[in-house]
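Readers should treat all values here as calculations from the given coordinates under stated rules, not as data from a laboratory. Just so we're clear, the structure is a prediction, and the values are computed from it rather than from any experiment. Here the Cβ positions follow ideal geometry from the backbone for every residue, glycine too, while neighbour counts run over all protein chains shown.
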Amino acid sequence: MANIITFLTFKDRADEAAKFYCSIFPGARIKSTVPYPEISIAPRPGAVMIVELELFGQTYVLLNGGPHFQFTDGVSLVVQCDSQAEIDHYWSALTAGGGEPGPCGWLKDRFGVSWQVNPKNIAELIGKDDPARAKRVMEAVMKMGKLDLATMERAAAGR
């Protein structure tokens with residue numbers, strides 16, 4: 001049966017990123033690493049080419065692809081959180097060591113990977129059948145960096 005796997009190409013720190021993600025997400029693990037074969041594109045002897053990583057049961061492949069690869073905000077990984085404590089934890093952990101906070105729950109980690117740290121019920125809070133509710137919640141979200149669940153809930157309730 002076919003499977004879809006997220007493949008992330010780093011300039012040169014995929015193995016460091018994999019270890020960083022394993023330190024943040026419970027149960028995360030590195031499934032395998034593949035060193036560069038001894039060919040001219042290897043950045044240095046013994047360098048890691050591929051890291052296979054598992055986060056919450058999903059496989060990710062991280063490649064050290066060279067200096068011409070860069071991440072873009074057009075693709076992001078979403079962390080769906082059950083509580084403000086989880087939002088706070090993942091936001092702090094992912095921005096640690098040189099990450100960049102962004103608007104509306106978005107951030108970049110120290111490797112340039114774009115993330116969204118959202119409450120699991122964000123679609124419910126915004127509400128698809130109530131334009132006034134959607135407007136209130138989105139106006140609140142647009143003023144935030146890290147999302148504040150209580151403020152979003154108050155906006156959804158019209159308070």
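Data overview
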read-out	value
Calculated [θ] (222 nm, deg cm²/dmol) that DSSP helices of n ≥ 4 give over the chain, each run adding -39,500 (n - 2.57)	-9000 deg cm²/dmol
Sorted by Cβ neighbour density within 10 Å, fewest at the top, the residues Val61, Val113, Val78	Val78, Val61, Val113
Spatially close lysines, pair count over the chain: Cα under 22 Å, gap of eight or more or interchain	15
Which of Val117, Ala156, Gln84, positive extreme of dipole for the chain (C-beta unit charges)	Ala156
The range 77-157: relative contact order in percent, alpha carbon pairs under 8 Å with at least 6 residues between	31
Cα shape, the range 68-126, gyration tensor, a/c 1.5 rule	oblate
Met144, Met152, Met1 arranged by Cβ crowding within 10 Å, fewest neighbours leading	Met1, Met144, Met152
The chain: angle of helix 84-95 to the longest principal axis, Cα-based, in degrees nearest 10	40
Estimated FRET transfer efficiency (Tyr36, His89; beta-carbon r; R0 41 Å; 0.05)	0.75
Length added when fully stretched, Thr151-Val75, from 0.36 nm per residue minus Cα-Cα	24.7 nm
The chain, relative contact order in percent, only Cα pairs under 8 angstrom and at least six apart counted	19
Packing-based exposure ordering (other Cβ within 10 Å, fewest first) of Ser23, Ser114, Ser92	Ser23, Ser92, Ser114
With Cα atoms, 0 to 90° folded angle of helix 14-24 axis to the chain main axis	40
Global form of the range 11-93, assessed from the alpha-carbon gyration tensor, a/c cut-off 1.5	prolate
Theoretical gain in end-to-end length, Lys19 to Asn3 [0.36 nm per residue, Cα-Cα removed]	3.3 nm
